[in-house]
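Before any comments, here is the structure.
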Amino acid sequence: MATRWRLCVCSLGILLLVPCSLSEEFSLAGSLHPVVEVVGQDVVLPCQLSPQAGLPSMDVQWRKAGPGFILVHEYMHEGTQDLPGEGYQTRTELFLQDFSSGNVSLKLKRVQVADTGTYHCFVRNPQWTLEATTELQVAAVAPVFIDVLGPRGQGIGLACRSAGWFPKPELQWVGKNWQNLAMEIVTNMTQNVENLYSVVSHVTVTEGEDNGDISCIVQNGLLETERQSAIHLSGDVFPHVSPWLAAFWVLFTLVLIAAGACAYAGYTAKQKASQKKRSKEESLLNLANEKKTREAECQELHETLDAERKAFESERQELRKTIASKEKKIKELEEERQELRKTIASQKKGWFG
Ligand SMILES: *[C@@H]1O[C@H](CO)[C@@H](O)[C@H](O)[C@H]1NC(C)=O
């Protein structure tokens, strides 16, 4: 009521050509805090005239701070011109029905990351111009997925992926038992042409005593919201070495060792046998040689003996002959002696007789 009254008074003043500084009475307010909106959603950038009243002849302009102070939307000449700026076609709207209450807020549809920035709202009438600012921050969140990549050594490889975040998100793996999560967590972040971030994180989970749920949490610091995905890893999924397989390997190793030992023993035995054989052969050869020499020696001895025997024989023959002649001589001598005795005896007779 008071505003209406003041307007009336002022209008009267203008009519009476009395200077009237109406802008002193009016003020324009944007938002003290940044307006945060999610990509793809519609947002209202507030701009409110105080006192809450419409003005008969009022132009409204929205511009975005940046190179060139880009025109976002323009309302002029009592609504004969109500147009979005270049690059904002079909995305901007003013609440014309609320103009009467001084609400000149802008509706920006299907926000994009590129819409982030400071917006200036201007309200102008022939006498004055008012300006207010509102900051817009755009955020994006996306669903999170966990992929089971399969066995990785003694553990299971997991990947957490999510595409379409803004600003840069924070990724975190959470497990009941933190020791189950290998120290190696590799996280990669990429940004696409629409400035949205994609995140992929790899982790290897080894089997623990109590494997519960393992979660991948991706957080948006601006919205203070998070998206997560969880997976339950039961003991069965881990690569197990079965006791039979372990036993098999132990046995296999033992068999291998035994086979190796046997082969070695056989080899050495063979070596020894062949060595023995060789030495036997050698000794046999030696014996044969010796036999030959012995035989030759024997032959020689035989020959010598024969020769000697022959020599003896002839000697004996000669000796016999000599003995025979000697015996003959002895007989002759005996006969001679007999004769001599007879002679002597006859002589004796002659002498004494
Ligand atoms: C202006 O009006 C719109 C649509 O009714 C509403 O969403 C918005 O909150 C209003 N703004 C203010 C600052 O009151």
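The values are calculated or read from the model by the stated rules, or taken from the named source; none is laboratory data. All figures in this text were calculated on a predicted structure; none of them were measured in a lab. Neighbour counts run over all protein chains shown; Cβ positions are idealised from the backbone, glycine included.
General remarks:
- For first residues located in region 33-48 and farther than 15 Å from Leu196 by Cβ, partners that are among the basic types (Lys, Arg) and within 10 Å of the ligand (Cβ to nearest atom) and lie 6+ apart or on another chain with Cβ distances below 9 Å form the pairs Asp42/Lys107; Val43/Lys107; Val44/Lys107; Leu45/Lys107.
- Candidate set from region 61-75 (those that are buried (at least 19 other Cβ atoms within 10 Å of the Cβ) and over 20 Å from Arg110 (Cβ atoms)); member that is nearest to the ligand (Cβ to nearest atom): Tyr75
- Some residue of region 222-234 being under 24 Å from the mean Cα position of the chain (by Cα) and at pLDDT below 85: yes
- Within region 23-35, the residues that satisfy the criterion of being part of a loop (DSSP other than H, G, I, E, B) and under 60 Å from the mean Cα position of the chain (by Cα) are Gly30, Ser31, Leu32, His33, Pro34.
- Counted residues, region 36-60 - those being more than 11 Å from the ligand (Cβ to nearest atom), crowded, with 17+ Cβ neighbours inside 10 Å and part of a strand (DSSP E or B): 3
- Residue that is modelled with the lowest pLDDT, among those in region 25-35 that are more than 10 Å from the ligand (Cβ to nearest atom) and surrounded by 16 or more Cβ atoms within 10 Å (Cβ to Cβ): Phe26
- A count restricted to region 103-119 and to residues that are away from the ligand (no atom under 16 Å from the Cβ) and of a type outside the set (A, V, I, L, M, F, W, C) stands at 6.
- Checking every residue in region 246-261 against the condition of being assigned to a helix (DSSP H, G or I) and either assigned by TED's automatic domain parsing to the domain that holds Thr206 or more than 39 Å from the chain's Cα centre (by Cα) (or both) gives zero matches.
- Among (1) surrounded by 14 or more Cβ atoms within 10 Å (Cβ to Cβ); (2) free of Cβ contacts under 8 Å to residues at least 12 places away in the same chain, the one test that Val193 misses: (1)
- Selection status of Thr90, touching a Lys or Arg at 6+ places or on another chain (Cβ under 9 Å) and either polar (S, T, N, Q) or more than 14 Å from the ligand (Cβ to nearest atom) (or both): yes
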